[in-house]
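Worksheet: one structure, shown below.
Any read-out appearing in this document is the output of simple, stated calculations on the displayed coordinates, not a laboratory observation. None of these values were measured; they are calculated from a predicted model. As a convention, Cβ positions derive from the backbone with ideal geometry for all residues, glycine included, and neighbour counts pool all protein chains shown.
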């Protein structure tokens, strides 16, 4: 018995229903098509392994398959549940393993796999079209190419090939069920189930998507006992076929951390899933994403921005849709239902112009109980396969129509083939893979792995700095190279934290310390306590792959007392660095590709008595700072569960900490991923989860305000976790009332900041007067605001202002108000920068700073730990004994005005206070560093606000320090004041190579306020004048030898650096220098 049904035919269509064996040339033509597809794949980045799916597949497939047999992997991420690694056991893993073991180069194996994907899709679609009688053989041939070369397939086959493998196999799953071969229904079912088994289980949802069309095939058949039994038998066979990966998936799902909560939200995945994009095959959101490294999917980006490709893919879709209007189209009902179901599955959550009424509820489901289906683009094959089958029918009818009107019979096939070629243009141009291909993993990484494996002990290797993916100067492996090369356990903070919420929070804290350059003995102790035996600093990361300054990790690790024990690889530094040009302002210096620090006393596993274990009211991020108090910590809320099991157990005391705070996390970032601290009322981003949560974490510390301030909010800020123009910590709304002009609230949107607002609320009505004083950000760096709108309970007032003046007076509606809102009313057309508000002056109300109300514990508290969590970063970082200074390295502190905490304890007690303080840079610190009776130097401006960049450093006798003028200063001036009058005959200026500044060539000198004299520096940087007694020397800088700078994150942007001085020596009796 067969469940396949044949469509009604007319004599005129009989030739279209002939089986494939009726045309003997077609076997050879299919082979030719496969050879063409193979050649197309081998054309992509010839000779290079490109980042695709898993590094292990080309570097160590056998070892990877061995690890995939175990759900728990102790080797990676401080221990992890492998995310569907078992899915690689069939077929992609064995395919790579066999060919790699045969000695084929990795890039050849990769291209052969891509070729298999396309050829399987091509042949399967042709056979399916012929089995369904969807048109003439040539039309089925064109349709098969259209399926294999669809935008989705070509965009992703070189990026994440395992995700389009189910799309390639989809025709083969349906084919046995519709075939007209003389098969029993059991024969059809086991063939279809075998195809399902070969789809694999790397991505369960993508595999599930191949089952939709076969299910609809049964549902659109005439209901009989035979079809019902056949459908039930097919479902049972499918369950058996996928059992080899479904059972491990269920086990993993039971124990796995909530990984789906930490990836992109439904608002992101459905943003571009409009029906038009679903028909074209361009609903994957990564097609549209462009980062500092370029397009995330180079081929996919072309399909959404190149007009010719948009038109070509649209014509293919329209041709397929046209076939639905024809009543005699074979299997019209099945194809229409399949196409409609696909459009619903892909686009139900789309909230664009063509969104349905259920879009928002669907998004809520996709972020909740249906989170596994959130990436709806995986159902695109349900749209694509019916569409290309309809295309075959449409082309056949178009050919007949043309032939009946005297058109040459080859013209329609030729034009159809040309259309497919147009759609495949990115592949023909060899522009499908990501940048970052490599011939082999750099030899120095192999040496690193071998060296680490040869070391005694079992310590884990921590790879720093954190980066979303491993993109190196020599190539982008995406996965960490040590993952495939080394047997020793390793940990790295990247974009896909698979080790669980606890280890992720701990790694984030370590990265915050390392990224800020903050060392200390507790850092080394924390690493050792976690079993970290070695820290590997990957200096060869590409500059666009992460935001941590190159020097920061070395400063932190050296400051913690760790010893650098090995260097590997050639020195790496910026390309294009010279006397006249620098990359990132001389902050990237040639260093060995990889450097290894040893961590003494690493404890891989420890037994800690419960009596010495302290209860912690906080989070895992607090543990590194508490290593000196207890051998182990137990989260206080988790201890409640322990008490139920061991009611008489006693612990070693209680620690209250403020580390776990209400924040939102930017899950897509590997570093600098925290929002500012939040009040209980602050609206977080619209996600189901906004932090890495784990059982026992309890309630977070909350930001609170003291009367009369009830809260400070804004439309957006550059510190928001989901801000489009995010800059990190330090730009929260309350920065505008903290009394510090150096801090600012900054809007967090791309594009015009018009209508962005800042607001302060009061606990009771306030009289604010008629005017309001504010200080804005400098217009050269932020949006030049032309007018501000002030909104209170009493009304609205708009004030036109001069954008070049930072101190402004705004009109305020008269009358009491419980809130004050400042809105950006207007900016110049074309403004894209964010608007900045440095300070809002409200006499009697500001400055004001919020408190952090710390959650306490019941009963006696033994230790209270309070700290600044996001320390920011100095503009000057130490490389060995010399500073490297540049304004771009600086990052603001989260709490520059100090710690403001509210803490309530159930039980009073006496506490010994100890702590660590750090200087906050400013005028007070500069005065502290000045030595009475010595030379003092002041400047008209400066670019580096750090101790090593203050003006006084030009007379400190150290060429490693220096002053750099502000970038907007047209006449930068240094004023040197001597402790007593001296007879001066000239001066000498030196500029160190690593000073990020242009070198002066012409200056104007005024002695004790006399008429300035224009002078030209000679080759040694020296000028002379007749001996003149003076106590004050004013030097104004004119022309200079310009040094330009660029940043790989801002391609094409080159700017000149301001003038700077490393050392200034006044010549005369006993040359004046300090």
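Can you pull the percent of Cα pairs in region 261-359 with separation above 15 Å? Taking all Cα-Cα pairs of region 261-359, the fraction more than 15 Å apart is 68 percent.
Computed from the alpha carbon atoms alone, the convex hull of region 637-756 holds 172 Å³ per residue.
Rounded to the nearest 10 degrees, the inclination of helix 332-347 to the longest alpha-carbon principal axis of the chain is 10 degrees.
Between residue 1041 and residue 648, the modelled label-to-label distance comes to 8.2 nm, taking each label 7 Å out from Cα in the direction of the beta carbon.
In this entry, region 710-753 is assigned a mean projected area of 3.4 nm², taken as a quarter of its C-alpha convex hull surface.
Placing a pseudo-label 7 Å from each Cα along the Cα-to-Cβ vector at residue 1024 and residue 326 gives an inter-label distance of 9.7 nm. Approximating the spin labels as points 7 Å out from Cα along Cα→Cβ, the residue 787-to-residue 764 distance works out to 3.7 nm.
Centre-to-centre, using Cα atoms only, region 146-189 and region 995-1074 are separated by 71 Å.
For the chain, the longest principal axis of the alpha carbon atoms and the long axis of helix 25-42 meet at an angle near 10°. A straight chain from residue 358 to residue 975 at 0.36 nm per residue would run longer than the Cα-Cα distance by 215.3 nm.
Cβ crowding within 10 Å, taken as a proxy for footprinting-reagent exposure, orders 885, 119 from fewest neighbours to most as 119, 885. Note on region 545-595: the alpha carbon radius of gyration divided by the globular reference 2.2 N^0.38 Å gives 1.28. Dividing the alpha-carbon radius of gyration of region 242-315 by the rule-of-thumb value 2.2 N^0.38 Å gives 1.50.
Roughly how far apart, in whole Å, are the Cα centres of region 223-302 and region 563-622? Taking the Cα centre of region 563-622 as reference, the centre of region 223-302 is 37 Å away.
Taking R0 as 51 Å, what's the FRET efficiency between residue 264 and residue 959 from their Cβ-Cβ distance, rounded to 0.05? So the FRET efficiency works out to roughly 0.55.
Dimensions of region 706-849 along the principal axes, based on C-alpha atoms and rounded to the nearest Å, stand at 37, 30, 22, largest first.
The value given for region 816-895 is a Kirkwood hydrodynamic radius of 18.5 Å, derived from the mean inverse Cα-Cα separation. Relative to the 2.2 N^0.38 Å rule of thumb, region 931-1034 has a C-alpha radius of gyration ratio of 1.05. FRET efficiency for the pair residue 938 and residue 907, taken as 1/(1 + (r/R0)^6) with r the Cβ-Cβ distance and R0 = 60 Å, rounds to 0.65.
The three principal axes of the C-alpha atoms in region 458-509 carry coordinate ranges of 33, 25, 16 Å, sorted with the longest axis first. Residue order for 650, 264, 1034, fewest other beta carbons within 10 angstrom first, comes to 650, 264, 1034.
Over region 29-428, the hull volume per residue, using the convex hull of the C-alpha atoms, is 159 Å³. With contributions of -39500 (n - 2.57) from each DSSP H run of at least four residues, the per-residue ellipticity at 222 nm computed over the chain stands at -9500 deg cm²/dmol. Peptides 179-188, 127-136 ranked from most to least packed by the mean count of surrounding Cβ atoms within 10 Å: 127-136, 179-188. Tell me, how many Å apart are the Cα centres for region 354-402 and for region 868-908? Cα centroid to Cα centroid, the span is 50 Å. Taking every Cα-Cα distance in region 85-238 and sorting them into 5 Å bins from zero, the calculated P(r) comes out as 2, 9, 16, 20, 19, 15, 10, 5, 2, 1, 0 percent.
Label reach from residue 306 (point 7 Å along Cα→C-beta): in region 430-474, amide nitrogens under 19 Å belong to 430-436.
Here the scattering of region 534-644 is modelled by Debye summation over its C-alpha atoms, one equal scatterer each and no solvent; at q = 0.15 Å⁻¹ the log10 of I(q)/I(0) is -0.81. Taking the number of Cβ atoms within 10 Å of each Cβ as an exposure proxy, the fewest-first ranking of 614, 252 is 252, 614.
Extension gain, residue 102 to residue 1016: 0.36 nm times the residue separation minus the Cα-Cα distance gives 322.0 nm. Three principal axis extents of region 304-429 based on alpha-carbon atoms, in descending order, are 58, 39, 24 Å.
Values of log10 I(q)/I(0) for region 603-663 across q = 0.21, 0.22 Å⁻¹ run -0.84, -0.91, by the Debye formula with one identical scatterer at each alpha carbon and no solvent.
Restricting the calculation to Cα atoms, the chain shows an Rg/Rh of 1.02 when the hydrodynamic-style radius is the Kirkwood one. At R0 = 51 Å, how high is the FRET efficiency between residue 251 and residue 925 if r is their beta carbon distance? Nearest 0.05 is fine. Result of the calculation: an efficiency of 0.35. Relative to the current alpha-carbon distance between residue 421 and residue 809, full extension at 0.36 nm per residue lengthens the span by 133.3 nm. Computed from Cα positions, the angle between helix 92-101 and the longest principal axis of the chain comes to roughly 80 degrees. Report note on the peptides 957-967, 325-335, 376-386: ranked by the mean count of other C-beta atoms within 10 Å, highest first, their order is 376-386, 957-967, 325-335.
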